[in-house]
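These notes concern the structure reproduced below.
The values are calculated or read from the model by the stated rules, or taken from the named source; none is laboratory data. Just so it is clear, the model here is predicted, and its values are computed rather than measured. All Cβ positions, even for glycine, are placed from backbone atoms using ideal geometry, and neighbour counts span all protein chains on display. Keep in mind that these areas ignore ligands, DNA and RNA; they rest on the heavy atoms of the full protein, side chains included. Shrake-Rupley method; radii C 1.70, N 1.55, O 1.52, S 1.80 Å.
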Amino acid sequence: MKPQMLKRLPERYAERHALPTLSIVVPFYNEREVLPACLARLEQILNTLELDAELVFVDDGSHDGSADLLAAMQPHRADLRLLRLSRNFGKEAAMSAGLAHARGAAVIVLDADLQDPPELIPAMLAEWRAGADVVQMQRRSRAGESWLKRSSAHAFYRLLARLSPAPIPLDTGDFRLMSRRAVDALLRLPERNRYMKGLYAWIGLPAAVLQYDRAPRQAGRSKWRYTALAGLALEGITSFSTAPLRLATLAGALTALAGGLYCLWIVAKALLFGDPVAGYPSLVALLALLGGMQLLGIGIVGEYVGKAYLEAKQRPLYLIQDERLILAGARVAEWKTRRHA
């Protein structure tokens, strides 16, 4: 039986259970070590809030038993729903799956590693109640990260903000609150190559900004290698700007102009002073320069052609293997697994 993409819970579920005020979406991949602490801190915060809430954990193809561990835990404050994707589709797809299944009037995206503190949720809700459709969480500092990662992230956010036509906020990750209107607008965007930080900004809508200090990872190790971060940066730039294509065109035009001027200089020099056979090193250097620039330009064009190719295939963004519901509180604990044929 092949799993299919599931967009919404059945209507009969919504009829039996009132829609929550708050949904907290937590994508994770091989986070067995930190999941118990993550769930405990979330429930501790929810105990202080007088509202109905649900927790939507999305397992992005973990192979360390994270999903089984979470399914065995009994929540006390909020209903817990566990979506398990059929394989590792990437964080952007996992967040999209969680947002598509979140039913709350307000939706918060939170990483499982607890670098983004759940204790800020009440302040985020206060901004939402004051009228903000999006509450952006801007990082003042990034504890527990190397100088290279901090400096490269600092430079990337500013480069992307300069290149993108949509105002992408600086030093702001996926940790944020969105109203139901913002989530529905985000889910209308059909592209498969998703850079969520840019999509959050693209939809616009009234936004508020809260600053915070990012904490070190509480347990486990980061799954993001520098090569993956570089790929994500390239994805972000090519998804929200055609500036690389324009830069390639400009570089080609300047190189052609320089080549033309150099040719005129050679002709003038030969006519005025004569020209013995020489210049092989400079010729080789020019050929290498021009060849490298041509290959670079072809590579940049290839990135955009590849994106168009992937979009044209119209494959689903993710596939759900199963979904479990664990009821919380004084109600009878139960869970349901639905496999989609």
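The modelled label-to-label distance between residue 105 and residue 72, using points 7 Å beyond Cα along the C-beta direction, is 3.8 nm. Subtracting the Cα-Cα distance of residue 140 and residue 40 from 0.36 nm times their residue separation leaves 33.4 nm of extension gain.
Grab the Cα-Cα distance for residue 264 and residue 188, subtract it from 0.36 nm times how many residues apart they are, and report the gain in nm with one decimal. Walk me through the numbers on the way to the answer.
Working: separation 76, 0.36 × 76 = 27.36 nm, distance 5.58 nm.
Stretched out fully, the residue 264 to residue 188 stretch lengthens by 21.8 nm.
Counting heavy atoms of the protein chains alone, residue 33 has an accessible area of about 140 Å² for a 1.4 Å probe.
Note on residue 202: accessible area is roughly 150 Å² with a 1.4 Å probe, heavy atoms of protein only.
Taken along the Cα-to-beta-carbon direction at a fixed 7 Å, the label points for residue 298 and residue 254 span 2.3 nm.
Above 16 angstrom, tally the Cα pairs of the range 48-116 and express them as a % of all pairs, no decimals. Don't skip to the end; give the middle numbers.
Working: 1211 of 2346 pairs.
Tail of the P(r) past 16 Å holds 52 percent of the pairs.
Could you order 51, 170 so the one with the most accessible surface comes first? Probe is 1.4 Å.
Numbers: 51 20, 170 60 Å².
Descending order: 170, 51.
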